[in-house]
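Peer 1: Quick one: structure below, then a few questions.
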Amino acid sequence: MIGAAAAGFLCGRQGEMLPGWVTLQDNRQTVSIRTEDGNETAEMILSGGQLRLTGDGFTYESDSTWYIAECLIYDADHDGADEVVLHMWKPGSYGYFHPFWIEPDDQDVYSEHIFIYDWDTKQEHRLRKRWLSSGIPAKGKTVFADEQNNLHIFSVNGKETVWRWEGWGLKRVGSEKNV
Ligand SMILES: [Ca+2]
């Protein structure tokens, strides 16, 4: 974890600014991923905002400009196979699909995202883009997936929102709750 600076911002590895309340989880564990081709085992290392997944013949390393706060592995879209769900911060609000009518992003400003990847045993790095959110204003302090595969986001302001896969992507269900 990176220590908070006095100004209320975290100073990132390349001098970028993240809000000071952002918590970058440190997590190292062996995970079992349910795929269409059977289960696959991976070593997951989340440290300093960088994610590494390794196993028999594969390695995934996250983009060095990202800060991944949390990595969840669960069946986000309810089809029986697991997805990799990243709660993360990256430069700019838009990722791979930048709307043409919006001015170019300010790449010095970090914004919060939920990125979802399929686990594809045919790819050397395994992760295949599934659903990559634009910047979200959730101010998520932490996230959690429940037994119904709903994603709960707990904000730094003490609010909880619940998100469920519907059709194409996560949709918010119910109203915001105080926690
Ligand atoms: Ca799935």
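Taken together, the values in this text are just the output of simple stated rules run on the coordinates, not laboratory data. Because the structure is predicted, anything quoted here is derived from the model rather than measured. Backbone-built Cβ (ideal geometry, glycine too); neighbour counts: all protein chains shown.
Peer 1: How many angstrom lie between the Cα centre of region 113-144 and the Cα centre of region 148-179?
Peer 2: Going from one Cα centre to the other spans 15 Å.
Peer 1: Over 19 Å between C-alpha atoms is what I'm after, so list which of Lys90/Lys177; Lys90/Lys122; Lys90/Lys159; Lys139/Lys177; Lys90/Lys129; Lys129/Lys177 land there.
Peer 2: Where the Cα-Cα span goes over 19 Å, the pairs concerned are Lys90/Lys177; Lys90/Lys122; Lys90/Lys159; Lys129/Lys177.
Peer 1: What net charge is computed for the residues neighbouring Lys139, neighbours being all others with C-beta under 11 Å from the C-beta of Lys139, Lys and Arg scored +1, Asp and Glu -1? Write down the numbers at each step before the final one.
Peer 2: Working: positive: Lys141, Lys159; negative: Glu112.
Counting the neighbours of Lys139, the net charge comes to +1.
Peer 1: For Asp75, Asp118, which order do you get if you count the other beta carbons within 10 Å of each Cβ and list the fewest first? The partial results should precede the final answer.
Peer 2: Numbers: Asp75 14, Asp118 20.
The order, fewest Cβ neighbours first, is Asp75, Asp118.
Peer 1: Given Cα pairs under 8 Å that are at least 6 residues apart, what percent is the relative contact order of region 35-89?
Peer 2: Relative contact order, region 35-89: 26 percent.
Peer 1: Find out how many positive minus negative residues lie around Arg52, taking Lys and Arg as positive, Asp and Glu as negative, among other residues whose Cβ is under 11 Å from that of Arg52.
Peer 2: Neighbour charge sum, excluding Arg52 itself: -1.
Peer 1: What is the local net charge at Arg172, summed over the other residues whose Cβ is closer than 14 Å to its Cβ (Lys, Arg +1; Asp, Glu -1)? Display every interim value, and only then the final one.
Peer 2: Details: positive: Lys159, Arg164, Lys171, Lys177; negative: Glu160, Glu166, Glu176.
Taking every other residue near Arg172 into account, the sum is +1.
Peer 1: Working out 0.36 nm times the residue gap between Met17 and Asn157, then minus their Cα-Cα distance, what length gain in nm do you get to one decimal?
Peer 2: Length gained, Met17 through Asn157: 48.4 nm.
Peer 1: Then there's this: Pull up the cross-link candidates among the aspartates and glutamates for Lys141, meaning alpha carbon to alpha carbon under 18 Å and not fewer than 8 places away within one chain.
Peer 2: Those aspartates and glutamates meeting the cut-off are Asp26, Glu70, Glu112, Glu160, Glu176.
Peer 1: Here's a follow-up. Please list, in chain and number order, the residues 5+ apart from Leu51 or on another chain whose amide H is under 5 Å from its amide H, with Hs placed from the backbone.
Peer 2: Ser62
Peer 1: If you stretched the chain out fully between Thr59 and Ser175, how much longer would it get, using 0.36 nm times the residue separation minus the C-alpha to C-alpha distance?
Peer 2: Working: separation 116, 0.36 × 116 = 41.76 nm, distance 3.91 nm.
The Thr59-Ser175 span can extend by a further 37.8 nm.
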